[in-house]
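The values are calculated or read from the model by the stated rules, or taken from the named source; none is laboratory data. Every value quoted in this text rests on a predicted model; they were computed, and no experiment measured them. A quick note on method: Cβ atoms are made from the backbone with ideal geometry, for glycine too, and the neighbour counts reach across all protein chains shown. Ligands, DNA and RNA are excluded from the accessible area calculation, which covers all protein heavy atoms including side chains. Shrake-Rupley method; radii C 1.70, N 1.55, O 1.52, S 1.80 Å.
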Amino acid sequence: MVTGQPGELIFKRVAVSERKMIFREMAEDRCQISVKGSEHETAFHLIAVQTEKDETLLCHHTEDSKGVTQAQKVLINFNFKNERYFMQSELAFESGWAVLQIGGDLFQLQRRANARLVIPPKYPAVYILMSHEGKKFFVDCKVKDISAGGLKLEAPLTHPDFRMGEVLKGSLRLGSRRPMEFEVEVRFTQKNDQAQVVGVQFLNVDHILENRLLSLMMDLQRELFLKYPAKS
């Protein structure tokens with residue numbers, strides 16, 4: 001298990017023997033891999049061709065990766081037998097090959113719709129609400145949990161009430177990461193003595209944004225595991 005956090009597990013570590021089998025079969029089938037590098041804002045793609053000692057994966061370029069020539073740390077993801085997988089890796093270039101390190105941990109995305117990460121109270125995570133009902137605001141809403149589909153927020157009781165179906169605009173800040181702007185739709189509202197609890201769903205999620213969200217979730221899950229390990 002990767003995380004000691006409460007709530008559903010989003011990414012499950014794959015057993016070593018299964019990881020080796022997956023990459024061997026991917027190379028056989030010439031599967032495409034999506035790569036997000038530390039040197040590039042947008043993802044690019046490689047084609048798996050051959051494994052070496054189950055430690056490296058030799059790949060061919062695709063049209064959108066031909067200009068990538070710099071060694072760098074990367075986050076890769078791919079689909080295999082109807083499952084989505086993620087891995088943090090390193091990319092290098094040797095003798096015409098794009099070479100990925102595949103000896104590290106491989107993670108499988110859990111497909112449960114309610115799979116989410118519960119945010120520890122001390123972790124800095126806020127959705128800065130900037131627009132509600134066409135009016136401009138600048139309100140920090142504490143993020144209580146996050147999934148690839150949306151957020152659970154706590155908003156001040158002094159803020160105007162939220163209603164189902166309303167569209168909000170704001171900026172999501174998680175730790176020291178660069179803020180990401182999102183439009184969200186209100187799917188749940190409730191009040192308690194301290195705050196308004198609001199469940200929202202991300203809007204306008206295309207394939208590129210979905211991959212970006214899932215990469216963010218994996219990175220966040222690992223960070224929370226390191227900073228807030230489960231107590232024995």
*Filter the range 143-172 down to residues that are closer than 15 Å to K191 by Cα and surrounded by 17 or more Cβ atoms within 10 Å (Cβ to Cβ) and give me whichever is farthest from the chain's Cα centre (by Cα).*
F162
*asked:* The conditions are (1) of a type in the set (S, T, N, Q); (2) open to solvent by 50 Å² or more (accessible area, probe 1.4 Å); (3) assigned to a helix (DSSP H, G or I), and Q201 fails exactly one of them. Which is it?
replied: (3)
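Restricting attention to the range 63-85, which residues are part of a loop (DSSP other than H, G, I, E, B) and surrounded by fewer than 16 Cβ atoms within 10 Å (Cβ to Cβ)?
Keep residues of the range 63-85 that are part of a loop (DSSP other than H, G, I, E, B), which gives 66-71, 81-82.
Scanning the range 63-85 gives K66, G67, T69, Q70, A71, K81, N82.
Residue by residue, here is whether (1) in contact with a Phe, Trp or Tyr (Cβ under 6 Å, 6 or more places away or on another chain); (2) open to solvent by less than 50 Å² (accessible area, probe 1.4 Å); (3) within 30 Å of V197 (Cβ to Cβ) holds:
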| site | (1), (2), (3) |
| --- | --- |
| T56 | no, yes, no |
| V99 | no, yes, no |
| Q108 | yes, yes, no |
| I119 | no, yes, yes |
| Y123 | no, yes, yes |
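For the range 124-170, what are the residues that are small (G, A, S) and more than 12 Å from F182 (Cα to Cα)?
Scanning the range 124-170 gives A125, G134, S147, A148, A155, G165.
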_So, in the range 13-39, exactly how many residues are closer than 19 Å to M218 by Cα and open to solvent by less than 60 Å² (accessible area, probe 1.4 Å)?_
7
*Since Q5 meets every condition but one in (1) modelled with pLDDT under 90; (2) assigned by the TED database to the domain that holds Q88; (3) not hydroxyl-bearing (S, T, Y), which condition does it not meet?*
(2)
*Only one of these conditions is not met by R111: (1) assigned to a loop (DSSP other than H, G, I, E, B); (2) modelled with pLDDT of 90 or more; (3) not hydroxyl-bearing (S, T, Y). Which number is it?*
(2)
